[in-house]
Structures are given as C-alpha cells and as structure tokens.
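Remarks on the structure that follows.
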Amino acid sequence: MRIQIYVEALKDDLSAAAAAGDEQVANAAARLVAVLDPALRLRLLDLLGEAARELGDALPDGRVEVRLVGPDPELVYVEDAPAAAPAAEDALSARITLRLPDGLKAGIEAAAAREGLSVNSWIVSALGRAVEPRRGKVGNRLTGFGQS
C-alpha cells in the first residue's frame with residue numbers, strides 16, 4: 001500500500017483550500033505543507049493500526065497486523081498457531097487471583113463464549129499464545145487494499 005499517494009493528496013487539498021485566501025494565507029499553507037509529511041504519515045499509520053485491530057477482533061483464528069516494508073505499510077493476516085497443551089507437570093496446578101475491570105471481564109466472557117470455551121480455558125489459551133515465541137505463526141499479506 002503506497003501511503004505517500006494519500007499524504008500527497010492531503011497536502012494538495014490543503015494547498016487548494018489555501019488558494020482561496022490571500023497571499024499571506026497561501027504562504028502560511030505552503031509552510032504547513034512543507035512540514036506536514038511526517039505527521040500525516042504517522043496519523044495514517046495510526047488509522048491503519050486501528051483498522052487492523054478491528055478486523056482482527058472479528059477473526060476467529062488470527063489477527064491483522066500492519067507491517068512496514070520500507071516506507072510503505074502492508075496489512076498482513078497472522079494465523080494463530082494452536083496453543084500447545086500444557087506439559088503433564090504443568091497441567092493446571094497453579095492458581096492466580098485477578099482483579100479485573102467489569103468491562104474487561106465481560107469482554108473475556110464474550111470471547112470465551114464465541115469460541116465455545118470456559119473462561120478459564122480461554123484465559124489459559126490466551127496467556128499461552130502471549131508467551132509463545134513468534135515462530136509457528138504464519139503471515140499472509142492482504143492484497144487489494146488501496147491499490148490503484
């Protein structure tokens with residue numbers, strides 16, 4: 001996805017809007033356009049990150065990540081590897097008491113219900129995925145977004 005196309009379009013829009021004003025407005029806009037590039041790129045990346053999180057929340061077995069390839073971002077689907085079964089010596093022998101905000105608890109209960117798991121099994125699986133090394137995960141580039 002070539003983000004620079006969108007950055008340039010936003011800068012052109014600002015310049016066009018400033019053209020409606022006097023010379024002082026046009027000069028101020030020209031100075032703004034000159035320094036906006038990094039800020040616009042960052043905001044567009046933030047937007048892509050938020051979109052990736054929302055898409056990932058809707059996926060049952062993976063998530064969407066934004067990865068930079070040179071100056072350009074790519075949306076990549078990352079399939080979660082199945083959680084490994086605990087070793088026999090680790091088989092559900094430890095206990096932890098957690099205090100959670102009610103909203104987080106409700107979200108965990110909903111996620112567990114969507115996956116047909118108990119809350120405990122869902123939390124054990126989620127924690128297991130969080131501490132596993134990244135190997136064993138497969139990334140697939142999502143194509144066709146914002147390409148012209």
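The values are calculated or read from the model by the stated rules, or taken from the named source; none is laboratory data. Since this is a predicted model, take the numbers as computed values, not measurements. When we count neighbours, we look across all protein chains shown, and the Cβ atoms used for this are built from the backbone with ideal geometry, even at glycine. Remember, those area values only see protein heavy atoms, side chains included, never the ligands or the DNA or RNA. Shrake-Rupley method; radii C 1.70, N 1.55, O 1.52, S 1.80 Å.
Return yes when Asp37 is closer than 26 Å to Glu74 by Cα, exposed (fewer than 12 other Cβ atoms within 10 Å of the Cβ) and under 34 Å from the mean Cα position of the chain (by Cα) and no when it is not.
Judged against the criteria, Asp37 is not a match.
Looking at the range 119-136, can you tell me whether even one residue there is at pLDDT 85 or above and exposed (fewer than 13 other Cβ atoms within 10 Å of the Cβ)?
There is at least one residue in the range 119-136 that is at pLDDT 85 or above and exposed (fewer than 13 other Cβ atoms within 10 Å of the Cβ).
Among (1) modelled with pLDDT of 85 or more; (2) within 18 Å of the chain's Cα centre (by Cα); (3) open to solvent by less than 90 Å² (accessible area, probe 1.4 Å), which single condition is Arg53 missing?
Arg53 satisfies every listed condition except (3).
State which residue pairs qualify: first residue closer than 30 Å to Arg67 by Cα and free of Cβ contacts under 8 Å to residues at least 40 places away in the same chain and inside the range 17-43, second residue open to solvent by 40 Å² or more (accessible area, probe 1.4 Å) and assigned to a helix (DSSP H, G or I) in any location, beta carbons under 6 Å apart, and separation of 6 or more residues or different chains.
Matching pairs, first to second residue: Val33/Leu14; Val33/Ser15; Leu40/Leu10.
Hey, Arg99 hits all of (1) at pLDDT 65 or above; (2) part of a helix (DSSP H, G or I); (3) loosely packed, with under 10 Cβ neighbours inside 10 Å but one; which does it fall short on?
Result: Arg99 passes all but (2).
Collect the residues in the range 56-68 that are over 30 Å from Asp12 (Cα atoms) and open to solvent by 50 Å² or more (accessible area, probe 1.4 Å), keeping them in residue-number order.
Listed by number, the residues that qualify are Asp57, Ala58, Leu59, Pro60, Asp61, Arg63.
The rows are residues; the columns are (1) open to solvent by less than 80 Å² (accessible area, probe 1.4 Å); (2) under 30 Å from Ile108 (Cα atoms).
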residue: Asp12; (1), (2): no, no
residue: Ser15; (1), (2): yes, no
residue: Gln24; (1), (2): no, no
residue: Gly49; (1), (2): yes, yes
residue: Gly70; (1), (2): yes, no
